[in-house]
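Undergrad: Pasting a structure here, questions to come.
The values are calculated or read from the model by the stated rules, or taken from the named source; none is laboratory data. Everything numeric here is computed off the predicted structure, so don't read it as measured data. Neighbour counts are summed over all protein chains in view; Cβ atoms, including those assigned to glycine, are modelled from backbone coordinates with ideal geometry. The protein model used for the area step is the full one, side chains on, heavy atoms only, and it has no ligands, DNA or RNA in it. Shrake-Rupley method; radii C 1.70, N 1.55, O 1.52, S 1.80 Å.
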Amino acid sequence: MNTPGRGKIAAPVIIRYTLLQLPALGLVTALVLFFGGRTNLAWYWKLIIISAWALKDIIMFPFVWRSYSTRPHDTVHSMIGKTGTAVDTLAPRGRVLVSNEVWQAYSTADHDTIISGGKIIVVDMEGLTLMVKSHKEM
């Protein structure tokens, strides 16, 4: 299965997602059959409700499949080399704006501060903190 611009989705991801959705589908089916029998709900309404629940899981898959993958995401490594702007003065810690996101950052330049509004480039990442240098240093 391909998703636009994201490549192939591995079979274990599809299996993992399906297995985690089955208990909810089973519960909905049991509830529909139980309450549908007590309220004389027509068989086709039962089928519509159960099918709608399963269709919801199918529609949601393209939006959530990455959370079911065990492979590391490439998004972390794609931050390295990106440029941005210092939101705060980095002396040596502060916040930066990279790809329209505000990140905690640490200036790797020795005894040098990066003033607010200065251009930066991401050189490394440690957890959720970006290691940055002044863009003029590169």
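Undergrad: Do you know which of the residues in region 59-94 that are among the basic types (Lys, Arg) and either surrounded by 15 or more Cβ atoms within 10 Å (Cβ to Cβ) or modelled with pLDDT of 85 or more (or both) is farthest from Lys8 (Cα to Cα)?
TA: Arg93
Undergrad: So, in region 24-46, how many residues would count as being open to solvent by less than 90 Å² (accessible area, probe 1.4 Å) and closer than 29 Å to Val64 by Cα?
TA: Here the count works out to 9.
Undergrad: Another question, if that's okay. Starting from residues that are of a type outside the set (Asp, Glu) and not in a strand (DSSP E or B), keep the ones in region 121-138 and report whichever is least open to solvent (accessible area, probe 1.4 Å).
TA: Out of the qualifying residues, it is Gly127.
Undergrad: Would you tally the residues in region 95-108 being out of contact with any Ser or Thr (no Cβ under 6 Å at 6 or more places or on another chain), hydrophobic (A, V, I, L, M, F, W, C) and surrounded by fewer than 18 Cβ atoms within 10 Å (Cβ to Cβ)?
TA: 1
Undergrad: Of the residues in region 83-120, how many are in a strand (DSSP E or B), touching a helix residue (DSSP H, G or I) at 6+ places or on another chain (Cβ under 8 Å) and among the aliphatic types (A, V, I, L, M)?
TA: 2
Undergrad: Taking Ser51 as meeting all but one of (1) modelled with pLDDT of 95 or more; (2) surrounded by 12 or more Cβ atoms within 10 Å (Cβ to Cβ); (3) not hydrophobic (A, V, I, L, M, F, W, C), write down the number of the exception.
TA: Only one criterion is unmet by Ser51, namely (2).
Undergrad: Please determine whether any residue of region 111-129 is in contact with an Asp or Glu (Cβ under 7 Å, 6 or more places away or on another chain) and either among the aliphatic types (A, V, I, L, M) or at pLDDT 90 or above (or both).
TA: yes
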